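Quick notes on the structure that follows.
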Amino acid sequence: MSTSSSEVSFKQYGGNAAENYERYFVPAIGAPFATVLLGAAALQVGERVLDIACGTGVVTRLAAEQVGPKGAVAGLDVNPAMLAVARSVPSSGAAIEWHEANAESLPLADGSFDVVVSSLGLQFVADKASALREMRRVLAPEGRLAIATVGPTPPLFAILEQALARHVKPEVAAFMQAVFSLYKPQELETLTSSAGFRNAGVRSETLSLTLPEPREFLWQYVHSTPLAAAVAQIDDEARAALERDVVAGCRSFVKDGILTEDISVVLTTAQK
Ligand SMILES: C[S@@+](CC[C@H](N)C(=O)[O-])C[C@H]1O[C@@H](n2cnc3c(N)ncnc32)[C@H](O)[C@@H]1O
């Protein structure tokens, strides 16, 4: 089979998914979410902060800067590859401890943090009620919670989801559904209050993302997520068809050569 242009662009990404996550996803999407989340968390100098589902640590490092050397910061994630990248990126301000663990059962002492934050992670946790109870347990009295999730699915990501269902398989497209699965204010408020938190509040903010041109956007996103392994298994023709659909679908989102998308950050805040 001849090598299609899609084959070339699919294969030009070296590194594992965690390295690509830090290289591509974090600057375009993770960092803007981190800034909005920490705006809601209103960290004070010297506070002790825990970042749940920290991934490669974009929120963790920003929190370390904000609380400064007198603070203390911990990042926790279930995926050792994400933590390996997190450990390798330089940080400033507070010292950071990294923990490999499931958010449902934290290997951390009661009352040991002033603030628990989490960005783009809680939607993937199977037992969200346990995770929220654990977040509350490790908070000191009056400690604060700030969680960022995302949804509903914006049009650009719906195009990606449909193209993945068509050219890879529906089970793979289900990953995209999981990403945008936890955004309804009532559900988030109930989950948080049921875990024992007080003053639970949920609000949305619109973020205007600036993304790479459609073909780059597709392959960078695929290579930064668990989608990479599944897309590696389809043949060249299916990859070329996936790329054609996504590029055609994204066309109306490109203005002056730039791909943009408005996306809703959902902020859940509460107090112990
Ligand atoms: C989209 S990434 C977000 C990472 C980081 N918070 C950020 O904003 O870039 C989702 C992260 O959630 C982690 N995760 C998923 N389920 C988890 C669980 N049950 N416990 C801890 N981490 C989990 C994944 O390993 C992944 O690193």
Subject >> Positions within the stretch 172-216 being of a type in the set (D, E, K, R), over 30 Å from Arg137 (Cβ atoms) and out of contact with any Ser or Thr (no Cβ under 9 Å at 6 or more places or on another chain), in sequence order >> reply: Glu213
**OP:** Determine whether the stretch 149-170 contains at least one residue that is over 22 Å from Ala228 (Cα atoms), near the ligand (Cβ under 10 Å from one of its atoms) and of a type outside the set (S, T, N, Q).
**Re:** no
Subject >> Selected residue (only one of Arg239, Arg198, Arg251 is surrounded by fewer than 20 Cβ atoms within 10 Å (Cβ to Cβ) and in contact (Cβ under 8 Å) with a residue 60 or more places away in the chain) >> reply: Arg198
**OP:** May I ask you to list the residues in the stretch 65-86 that are more than 20 Å from Leu139 (Cβ to Cβ) and either touching a strand residue (DSSP E or B) at 6+ places or on another chain (Cβ under 6 Å) or within 13 Å of the ligand (Cβ to nearest atom) (or both)?
**Re:** Val78, Asn79, Pro80, Ala81, Met82, Leu83, Ala84, Val85, Ala86
Subject >> When residues of the stretch 191-217 are limited to those that are part of a helix (DSSP H, G or I) and modelled with pLDDT of 95 or more, the one farthest from Thr268 (Cα to Cα) >> reply: Ser194
**OP:** Exactly one condition in (1) within 15 Å of Leu122 (Cβ to Cβ); (2) surrounded by 14 or more Cβ atoms within 10 Å (Cβ to Cβ); (3) touching a helix residue (DSSP H, G or I) at 6+ places or on another chain (Cβ under 7 Å) is not met by Ala178; state its number.
**Re:** (2)
Original post:
Based on what the data block shows, is Glu161 among the acidic types (Asp, Glu) and within 18 Å of the chain's Cα centre (by Cα)?
Top reply: yes
Original post:
Is it the case that Gly257 is more than 16 Å from the ligand (Cβ to nearest atom), crowded, with 17+ Cβ neighbours inside 10 Å and over 23 Å from Leu120 (Cα atoms)?
Top reply: no
**OP:** Enumerate the strands (runs of 3 or more DSSP E) found wholly within the stretch 91-171, keeping only those where 3 or more residues are surrounded by 23 or more Cβ atoms within 10 Å (Cβ to Cβ).
**Re:** 113-119, 139-150
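Yes or no, residue by residue, for (1) loosely packed, with under 15 Cβ neighbours inside 10 Å; (2) within 16 Å of the ligand (Cβ to nearest atom):
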{"position": "Ser194", "(1), (2)": "yes, no"}
{"position": "Arg203", "(1), (2)": "yes, no"}
{"position": "Leu209", "(1), (2)": "no, yes"}
{"position": "Trp219", "(1), (2)": "no, no"}
{"position": "Val222", "(1), (2)": "no, yes"}
{"position": "Ala232", "(1), (2)": "yes, no"}
Original post:
Assuming Tyr183 fulfils every condition listed in (1) crowded, with 17+ Cβ neighbours inside 10 Å; (2) out of contact with any strand residue (DSSP E or B) (no Cβ under 7 Å at 6 or more places or on another chain) apart from one, which condition is it?
Top reply: (2)
Subject >> Matching residues in the stretch 38-59 - criterion: being part of a helix (DSSP H, G or I) and more than 8 Å from the ligand (Cβ to nearest atom) >> reply: Leu38, Gly39, Ala40, Ala41
Subject >> Residue count for the stretch 23-82, restricted to those that are on the phi > 0 side of the Ramachandran plot and more than 14 Å from the chain's Cα centre (by Cα) >> reply: 3
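The values are calculated or read from the model by the stated rules, or taken from the named source; none is laboratory data. Nothing here was measured: the structure is a model prediction, and the numbers come from that model. Note that each Cβ is placed from the backbone with ideal geometry, even for glycine, and that neighbours are counted across all protein chains shown.
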